[in-house]
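Encoded as structure tokens, the structure appears first; notes follow it.
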Amino acid sequence: VQLQASGGGLVQAGGSLRLSCAASGNIFSINTMGWYRQAPGKQRELVAAIPSIGSTNYADSVKGRFTISRDNARNTVYLQMNSLKPEDTAVYYCNLRNRGVTYWGQGTQVTVSS
């Protein structure tokens, strides 16, 4: 299984970015995809997750600003990030939990300037 993320970049505070992550390989139809982030000097944290069946889950810090969605036919997960803040600056990693195994994408940098 491989995950290919894209869409990071530099944006001013209040702006928007959309991240995408496409999964390929032997992927079971029942799985959970998500996004984590890691800021310098901090631990990696969950941003949002979306199962193939069930409800989405968001970190409190992004609720109301970020929206996670997925295209099951394309095994792709998206993260729409609006009203970005400098504290959202981090490397964002997509994540797939599939048949009890966790996979990670390569990470994409998001930088929000004040």
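The values are calculated or read from the model by the stated rules, or taken from the named source; none is laboratory data. Small disclaimer: the values here were computed from a predicted structure and weren't measured. Cβ placement follows ideal geometry from the backbone for every residue including glycine, while neighbour counts extend to all protein chains displayed. Surface accessibility is based on the protein's heavy atoms, side chains included, excluding ligands, DNA and RNA. Shrake-Rupley method; radii C 1.70, N 1.55, O 1.52, S 1.80 Å.
Numbers at a glance
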read-out: Enumerated strands (runs of 3 or more DSSP E) restricted to segment 15-110, each holding at least 1 residues that are among the basic types (K, R) and touching a helix residue (DSSP H, G or I) at 6+ places or on another chain (Cβ under 9 Å); value: 31-38
read-out: Residue count, segment 14-31 (criterion: of a type in the set (A, V, I, L, M, F, W, C) and either under 14 Å from Q2 (Cβ atoms) or free of Cβ contacts under 8 Å to residues at least 24 places away in the same chain (or both)); value: 5
read-out: Lone unmet requirement of (1) surrounded by 13 or more Cβ atoms within 10 Å (Cβ to Cβ); (2) under 13 Å from V110 (Cβ atoms); (3) at pLDDT 95 or above for G8; value: (3)
read-out: Matching residues in segment 67-106 - criterion: being open to solvent by less than 20 Å² (accessible area, probe 1.4 Å) and closer than 11 Å to W35 by Cα; value: I68, V77, L79, Y92, C94, N95, L96, G105
read-out: Residue that is farthest from the chain's Cα centre (by Cα) [pool: residues in segment 25-40 that are farther than 17 Å from R99 by Cβ and modelled with pLDDT of 95 or more]; value: A39
read-out: Residues (more than 14 Å from V110 (Cβ to Cβ), of a type in the set (D, E, K, R) and in contact (Cβ under 8 Å) with a residue 12 or more places away in the chain) located in segment 45-71; value: R70
